[in-house]
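Have a look at the structure below, then the notes.
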Amino acid sequence: MIKVSAPGKLMFSGEWSVLEKGNPGIVFALDRKTIVKIDYGPEIVLDAPEFGINKVKAFFDGTQLQVSELNEKQSKDIVFLQKSLEVSLLFLREKKIRLKRFEIKTDSSQMQKEKVKVGFGSSAALCTAVVFGICLFHGLRLKDIQVFKLATIAHFLAQGKIGSGFDVAASSFGGVILYKRFNAKFVEKVSKKSLMIAVKRDWPGLYIKKIGFPKNLKFLVVFSGKKADTRELVNKMNEFRVREIEIYEKLMKELSYITDGLKVAFSKNNEKKIVELVKENREKLKELGVVSKTNLETSELREIIETANELGLAAKFCGAGGGDSAIVVCFDEKKKKLARKALNEKGFTIIDTEIAFDGVKNA
């Protein structure tokens, strides 16, 4: 049996702006992981208890993974697993590796709170773990960049061809990453021709670099209590982009400048500057939510942020907004404990997590 783990993610800076060409994002890999187990079986069997799917049979017809006995909700829930398996098996077939039958079991419970996703990139971690695990099961150990590319293609297809891939990068490489998005049209075009070529070729625009983590940086991840609907937010933001392109581009540029500033502040361990820029980041994201008429900073997220601000700490939401989690940042352990106490008293859940410096690996 093969057991694989892939870390989750937390977007520290670059929300929304990272979707635009050349703009950087800073993303943390987190030690909240997705676990995948793969073993030999007489046929392909999928076991994903978190989606209410228990040992469902599947068949790979050479291009698609056909899954039986699923209702509409289950079919939707399992799409990331399905596309990851399809991409992996197609890649192995291109490499003329004989396909084996297997049973695969997934576990993303570490990415949830009371069975609700908290915005740690469980779908990206699942894609990453499945691609790495299935290839390893067939005797092929992929490099980090190969895992990233195949998992990104799977995630891209499963998510309706949206997203930047930063979450897959965190799961593939681990640590703290400076990331710039690839040219999606190029990747879509080349992957249709050949997955082997898509993995081998350089992706225009893609930039992935591990950077240092400020030695005294303390952070709390606080769940707002509500799951975000990222796809709906992206659709609304795209409408705003078309409607008010000049305002949109101005805000994207300003958000990008903040991330550039944080990159420099990280490299210099400039504690004061990091706190200032996190606060500035929050204000720009709040402004983006107002002008785009999307509820990015919900009332729950706002309460978390303002509670932290009252204690002299910086905070902002992580990822698309509209729910999920916020991050509280400081450089003082006592203040971190005060923030934990204050937020707990207000009924918010602190999710204990740290940086995962390793990416996907054998568990």
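Our coupling estimate for the stretch 328-343, obtained by passing each phi through the Karplus curve with A = 6.51, B = -1.76, C = 1.60 and θ = phi - 60°, is 10, 10, 7, 10, 9, 5, 5, 5, 4, 5, 4, 5, 4, 5, 5, 6 Hz, Gly and Pro reported as x.
Each Lys and Arg Cβ is given +1 and each Asp and Glu Cβ -1; about its Cα centre, the stretch 1-46 then shows a dipole of about 120 debye.
Between VAL131, VAL168, VAL291, the Gaussian network model of the chain with springs among Cα atoms under 10 angstrom shows the greatest mean-square fluctuation at VAL291. Kindly state, to the nearest 0.05, the FRET efficiency for ARG141 paired with ASN238, given R0 = 30 Å and r defined as their beta-carbon distance. The value I calculate is 0.20.
Top mean-square fluctuation among LYS218, LYS105, LYS180, Gaussian network model of the chain, C-alpha springs under 10 Å? Among LYS218, LYS105, LYS180, the largest GNM mean-square fluctuation belongs to LYS218. Separation of the alpha carbons by more than 30 angstrom is noted, of LYS37/LYS334; LYS73/LYS192; LYS293/LYS336, for LYS37/LYS334; LYS293/LYS336. Within a straight-line Cα-Cα reach of under 17 Å, LYS273 can be paired with the following aspartates and glutamates, leaving aside sequence neighbours fewer than 8 residues apart in one chain: GLU254, ASP260, GLU283, ASP332. Of the GluC sites (Glu not before Pro) found in the stretch 92-144, those that fall in a DSSP loop while having at most 11 other beta-carbon atoms within 10 Å are GLU114. Shape analysis of the stretch 306-363 places it in the prolate category; the axes a ≥ b ≥ c from the Cα gyration tensor give an a/c of at least 1.5, with a/b above b/c. Please say if the chain is rounded, prolate or oblate, where rounded means a/c under 1.5 for a ≥ b ≥ c the square roots of the C-alpha gyration tensor eigenvalues, and otherwise the choice is prolate for a/b larger than b/c and oblate otherwise? Prolate, since a/c reaches 1.5 and a/b exceeds b/c.
Per residue, the chain exposes an accessible area of 46 Å² to a 1.4 Å probe, with every protein chain left in place. Of the solvent-accessible surface of the chain, computed with a 1.4 Å probe and all protein chains present, 48% belongs to carbon and sulfur.
Here the extension length gained between PHE186 and VAL290 equals 34.1 nm, from 0.36 nm per residue of separation less the Cα-Cα distance.
For ILE44, the amide hydrogen comes within under 5 Å of the amide hydrogens of ALA58, PHE102, counting only partners 5 or more places away or on other chains and with H modelled in the peptide plane.
Can you list the residues of the stretch 325-362 with backbone N under 20 Å from a point 7 Å past the Cα of ASN269, pointing along Cα to Cβ? Within reach of a label on ASN269, which here means backbone N under 20 Å from a point 7 Å along Cα→Cβ, the stretch 325-362 contributes 329-336, 355-357. Between GLU94 and GLU72, the simple spin-label model (points 7 angstrom out along Cα→Cβ) gives 3.5 nm. If each DSSP helix of 4+ residues adds -39,500 (n - 2.57) and the sum is divided by the residues in the chain, what number results at 222 nm, nearest 500 deg cm²/dmol? So the helix-based figure for the chain works out to -14500 deg cm²/dmol. Checked against a 31 Å cut-off, the cross-linked pairs LYS57/LYS210; LYS215/LYS361; LYS215/LYS286; LYS193/LYS316 give Cα-Cα distances beyond that limit for LYS57/LYS210; LYS193/LYS316. Excluding same-chain neighbours fewer than eight residues apart, the aspartates and glutamates reachable from LYS21 by a Cα-Cα span under 12 Å are GLU249. Taking each residue as 0.36 nm, the span from ASN54 to ASP229 lengthens on full extension beyond its C-alpha to C-alpha distance by 60.4 nm. What FRET efficiency do you get for ARG201 and LYS361 if R0 is 30 Å and r is their Cβ-Cβ distance, rounded to the nearest 0.05? The value I calculate is 0.75.
Separation of the stretch 67-94 and the stretch 170-199, taken as the distance between their Cα centroids, equals 19 angstrom. Partners of LYS236 within straight-line reach, counting aspartates and glutamates whose Cα lies under 13 Å from its Cα and excluding those fewer than 8 residues away in the same chain: GLU244.
The values are calculated or read from the model by the stated rules, or taken from the named source; none is laboratory data. As the structure is a computational prediction, the values presented were derived from the model and not from experiment. Note: ideal-geometry Cβ built from the backbone for every residue, glycine included; neighbour counts use all protein chains shown. Note: areas computed on protein heavy atoms with side chains; ligands, DNA, RNA excluded. Shrake-Rupley method; radii C 1.70, N 1.55, O 1.52, S 1.80 Å.
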